[in-house]
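Q: Below is a structure I'd like to ask you about.
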Amino acid sequence: MEKQENTILYGVPKVAYGQDGCTPFPMCVHSCGKYLGIPVDYTRAMAESGAAFRLAWNTACWDGGNVDAVFTFDDSLKVFRCGMRAMERGLQFLGRTPETKKEDFMAFIRREIDAGNPVIALGVIGPPEACVITGYREGGNVLLGWNVFQEYPEYQASVRFEENGYFITSQWWENPDTTALIATGTESLPPLAPGEALQNAAQALEGRMCGTFAKGILAYDAWKEALLRDQDFPPDAVFPLLVERMMCHGDAMDCLSDGRYHAAKYLRRLAEQSPAMAPDLNAAAGELEKITEILWKEMIPVLGGWERGEAQTRQLAKAENRRLFAGQIDRMKAHDERAYGYIRKMAE
């Protein structure tokens, strides 16, 4: 069969950072699910992928990729497997290796798009975060879709736009952070059982080390210790260094605010469906909600807002504020520990 040169799927919902979410992979699952008529909202995608329960901190450096959903579990593919299960689909994943050819990626994309299925990709524009490919031109040399970084000024040289807002790029393969493709047109699977969802939540929350990454509840300690290293915030620090610190701190706040809010919302849904487990589910949800309260009512006011501008960066650099944040982090950890206890008990 002769290959198509151009196919575009119109009507795929936009994927962009905003009040409705800030974790790209579950955002993509929700977008693709809505397009395909699968009832998976952002809350379900966040919780059942495990991303709502994650927290990670690289103890080796100030790492801008700390809270990437790929670090949710110790098996890097599990978050994608669970996310697709939230869509009631199996995982078909094509990773980029030194042996992978551009044509391999193009053939995968053509096959899915021609069948009417958007493709979830890592990278394409900017870092290896999830995005949605909604079409192709020139046999796949040019890709269209939604990417949370598509309007960032630093990427404008390689991006044009379709009238409906889709990005258009021909330089996706040249981006070394274009690392994987995920099909959305795979075989249908039954919805995730509540017990399995809770087991995955407990696994994501469990405190442990994976390489240099402190994960789950243990990540709170690594985050706190980083803030308390005064030598990492020297009085004569160049501003870009302080911006790097603020980005990592802000990412951890985003991860918890977005994640624990939707985790609690999901657990309260389960409580309505599972009266026998409702007391523990609601108790766990209450603990998670306390984390978002600490962030919004205590940490954010000290910083002077949720933004990551110069004002917030200067506030973070102050030793007295970082010591205050350390206490808040300890309290958030305690709430996560209690939530973990309830969830683990129900998952056993």
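Q: With open to solvent by 40 Å² or more (accessible area, probe 1.4 Å) and either more than 17 Å from residue 24 (Cα to Cα) or of a type in the set (Asp, Glu) (or both) as the only criterion, which of 96, 85 stands out?
A: 96 is the lone residue from the list that is open to solvent by 40 Å² or more (accessible area, probe 1.4 Å) and either more than 17 Å from residue 24 (Cα to Cα) or of a type in the set (Asp, Glu) (or both).
Q: Turning to a different aspect of this structure: Any residue that is under 24 Å from residue 64 (Cα atoms) and either of a type in the set (Asp, Glu) or at pLDDT 95 or above (or both) - is there at least one of those in the range 279-292?
A: Yes.
Q: Any residue in the range 40-54 that is more than 14 Å from the chain's Cα centre (by Cα) and surrounded by 15 or more Cβ atoms within 10 Å (Cβ to Cβ)?
A: Yes, the range 40-54 contains a residue that is more than 14 Å from the chain's Cα centre (by Cα) and surrounded by 15 or more Cβ atoms within 10 Å (Cβ to Cβ).
Q: Okay, next question. Of the conditions (1) closer than 23 Å to residue 23 by Cβ; (2) open to solvent by less than 60 Å² (accessible area, probe 1.4 Å), residue 142 fails just one. Which one is it?
A: Unmet for residue 142, out of (1) closer than 23 Å to residue 23 by Cβ; (2) open to solvent by less than 60 Å² (accessible area, probe 1.4 Å): (1).
Q: Still on this structure, I have one more. Identify, from the list 256, 295, 288, the residue that is open to solvent by less than 10 Å² (accessible area, probe 1.4 Å) and within 14 Å of residue 198 (Cβ to Cβ).
A: Of the residues listed, the single one that is open to solvent by less than 10 Å² (accessible area, probe 1.4 Å) and within 14 Å of residue 198 (Cβ to Cβ) is 288.
Q: With the requirement that a residue be open to solvent by 10 Å² or more (accessible area, probe 1.4 Å) and either within 13 Å of the chain's Cα centre (by Cα) or basic (Lys, Arg) (or both), what does the range 65-75 give you?
A: Across the range 65-75, the qualifying residues are 65, 67, 68, 70, 71.
Q: Please work out if residue 332 is surrounded by 15 or more Cβ atoms within 10 Å (Cβ to Cβ), at negative phi, under 21 Å from the mean Cα position of the chain (by Cα) and not hydroxyl-bearing (Ser, Thr, Tyr).
A: It is true that residue 332 is surrounded by 15 or more Cβ atoms within 10 Å (Cβ to Cβ), at negative phi, under 21 Å from the mean Cα position of the chain (by Cα) and not hydroxyl-bearing (Ser, Thr, Tyr).
Q: Same structure, new question: Could you check the range 77-135 and list, in sequence order, the residues that are touching a residue at least 24 places away in the same chain (Cβ under 8 Å) and of a type in the set (Ser, Thr, Tyr)?
A: Matches in the range 77-135: 134 only.
Q: Further, regarding this structure: Being crowded, with 17+ Cβ neighbours inside 10 Å and either more than 24 Å from residue 129 (Cβ to Cβ) or at pLDDT below 95 (or both) narrows it down to one residue among 190, 194; which is it?
A: After applying the criteria, what remains is 194.
To keep it simple, each residue is scored yes or no on (1) more than 28 Å from residue 151 (Cβ to Cβ); (2) in contact with a Lys or Arg (Cβ under 8 Å, 6 or more places away or on another chain); (3) of a type outside the set (Phe, Trp, Tyr).
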| position | (1), (2), (3) |
| --- | --- |
| 3 | yes, yes, yes |
| 14 | no, no, yes |
| 23 | no, no, yes |
| 36 | no, no, yes |
| 43 | no, yes, yes |
| 50 | yes, yes, yes |
| 56 | no, yes, yes |
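Q: Within the range 38-140, considering only helices (runs of 4 or more DSSP H) that don't extend past its boundaries, which have at least 1 residues that are under 17 Å from residue 204 (Cα atoms)?
A: Fully inside the range 38-140 and qualifying: 42-49, 78-86.
Q: Name the residues in the range 300-348 that are over 30 Å from residue 284 (Cβ atoms) and in a helix (DSSP H, G or I), would you?
A: Those that are over 30 Å from residue 284 (Cβ atoms) and in a helix (DSSP H, G or I): 310, 311, 312, 313, 314, 315, 316, 317, 319, 320, 321.
Q: Within the range 145-163, count every residue that is in contact with a Phe, Trp or Tyr (Cβ under 9 Å, 6 or more places away or on another chain), within 20 Å of residue 8 (Cβ to Cβ) and open to solvent by 40 Å² or more (accessible area, probe 1.4 Å).
A: Residues in the range 145-163 being in contact with a Phe, Trp or Tyr (Cβ under 9 Å, 6 or more places away or on another chain), within 20 Å of residue 8 (Cβ to Cβ) and open to solvent by 40 Å² or more (accessible area, probe 1.4 Å): 3 in total.
Q: Given the residues 320, 348, 244, 337, which is the only one that is modelled with pLDDT under 95 and either surrounded by fewer than 21 Cβ atoms within 10 Å (Cβ to Cβ) or more than 15 Å from residue 205 (Cα to Cα) (or both)?
A: 348
Q: Restricting to the range 1-30, give me the number of residues that are under 22 Å from residue 106 (Cβ atoms) and assigned to a helix (DSSP H, G or I).
A: So the count comes out to 1.
The values are calculated or read from the model by the stated rules, or taken from the named source; none is laboratory data. These numbers were taken from a predicted model, which means no experiment stands behind them. No Cβ is skipped: glycine too gets one built from the backbone with ideal geometry, and neighbour counts run over all protein chains shown. Just so you know, the surface numbers come from the protein's heavy atoms only, side chains and all, with ligands and any DNA or RNA stripped out. Shrake-Rupley method; radii C 1.70, N 1.55, O 1.52, S 1.80 Å.
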